[in-house]
Structure formats: C-alpha cells, structure tokens
Amino acid sequence: MNPKLVGGIVVLLLAVFAAGWLITGQQGPGVPAAGTVRYTNTDFTYVFDYPDSWVAEPETSIINEADQIPSIITVHEATSTSPHRFGVTVNRNERTIKRSATTTVEVTLDKVKATAYIFPDGLQCTPSEADPDCSFFLIPIFRDGVWYEITAANDAKTLDAYRDILESFRFTQ
C-alpha cells in the first residue's frame, strides 16, 4: 500500500477523532470537565469530579470498636440551606443498612457492576424546615479488601441529580 495513502488515512482518522472529542466535550481521564473540581484520593486510589460551586469537607476517619472507617470525604453545595451532598466512605466493615432499602437499581461505576440502594424517604429521619429532604442512596463496592460506600443525600430519590459525579468516579489503580 502507498505510504502517502496510509499517512493520509491516519491523519484523517485523527482529525475525525479530535472533531468528535471537541463536539461531544469528552474529557480524558486526567482532565476534569469544565465547571468541575477533581477530588483525588491517593491512599485509596479513586477520583471523582464535582461542581466547582460545591465545597469539599476535610477528609476524616472513624476508627473505634464499632467503626473501621479510615476515610470519609464529603462534598456539598456551598450556598443551599438543604444542600446536595455526595461522599465516599472507605469502610473495612460491610454496612447492613442496605437491606432496608425500598428501591434498588443496578449501576456500573468505572466498569464495576454494583447495586444502588435507594432510600427515597430516608431512614429514621424526620424532615425539618432546615433539612426537608431525607432521601439518600448508597452504592457499596468491595475492592482491595475494603468497602467503598458511595453515597448521596438530598434530592437522592433517584441517581439523576448525581449522575455527572457518578459518571466521573474512577479507580486510579
């Protein structure tokens, strides 16, 4: 085959790929989408992007007889009185709360099939004026000997309000 023809085909394919990338707004794994901030946890090797109008709380841990949680990160809307909240908890113990869920949905996060346990009315929660929405969901993923519990609260009767964050979640190793 003519080397010039092969070179021309390669250039054409690269141009088509680049145009498709620009049109669809796809970002590479190392680049956060426009209007987002990337949270990176190097100890437990995951990342996710959240809206740049949200804030991240400092990472914490709870290690005692009942809880074996070496990492908790929560991000939330900065200006709402009842903010959307999204978090990842790394837990050495499996939580049984999922058995109380009223709804389940099969999901795939970073090519890992999991179940989202949805609590549209909360659990042992009394809505108040300050926090009128008790809904939340939990997506547990067992990986490398620990449970990654992906959670969201407020407007979490479905996964819809958190879809962009969930789609950005990746394990880095």
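The values are calculated or read from the model by the stated rules, or taken from the named source; none is laboratory data. Just so you know, these numbers come straight off a predicted model, no measurement behind them. Note that each Cβ is placed from the backbone with ideal geometry, even for glycine, and that neighbours are counted across all protein chains shown.
Note on segment 45-78: residues that are of a type in the set (Ser, Thr, Tyr) and surrounded by fewer than 17 Cβ atoms within 10 Å (Cβ to Cβ) total 4.
When SER82, SER61 are checked against the criterion of being touching a Pro at 6+ places or on another chain (Cβ under 7 Å), more than 15 Å from THR172 (Cβ to Cβ) and assigned to a loop (DSSP other than H, G, I, E, B), a single residue qualifies: SER82. Which residues, counting only those in segment 71-102, are among the hydroxyl-bearing types (Ser, Thr, Tyr) and at pLDDT 95 or above? Those that are among the hydroxyl-bearing types (Ser, Thr, Tyr) and at pLDDT 95 or above: SER71, THR74, THR89. For segment 65-98, filtering for residues that are hydrophobic (A, V, I, L, M, F, W, C) and farther than 22 Å from THR115 by Cβ leaves 3. For segment 131-173, a tally of residues being in a helix (DSSP H, G or I), out of contact with any His (no Cβ under 9 Å at 6 or more places or on another chain) and hydrophobic (A, V, I, L, M, F, W, C) returns 2.
Does ALA114 satisfy the criteria of being of a type in the set (A, V, I, L, M, F, W, C), in the same structural domain as ARG38 (by TED's automatic domain parsing) and modelled with pLDDT of 95 or more? Here the answer is yes, as ALA114 does meet what is asked.
Is at least one residue of segment 150-157 assigned by TED's automatic domain parsing to the domain that holds VAL37, over 21 Å from VAL55 (Cβ atoms) and out of contact with any Ser or Thr (no Cβ under 7 Å at 6 or more places or on another chain)? Among the residues of segment 150-157, not one is assigned by TED's automatic domain parsing to the domain that holds VAL37, over 21 Å from VAL55 (Cβ atoms) and out of contact with any Ser or Thr (no Cβ under 7 Å at 6 or more places or on another chain), which makes the answer no. Could you tell me which residue of segment 25-41 is modelled with the highest pLDDT, considering only residues that are aliphatic (A, V, I, L, M) and either outside any loop (DSSP other than H, G, I, E, B) or surrounded by 14 or more Cβ atoms within 10 Å (Cβ to Cβ) (or both)? Only one residue tops the list, namely VAL37.
When segment 53-74 is filtered for residues that are closer than 22 Å to ARG143 by Cα and touching a strand residue (DSSP E or B) at 6+ places or on another chain (Cβ under 7 Å), the ones remaining, listed by number, are GLU59, THR60, SER61, ILE62, ILE63, GLN68, ILE69, PRO70, SER71, ILE72, ILE73, THR74.
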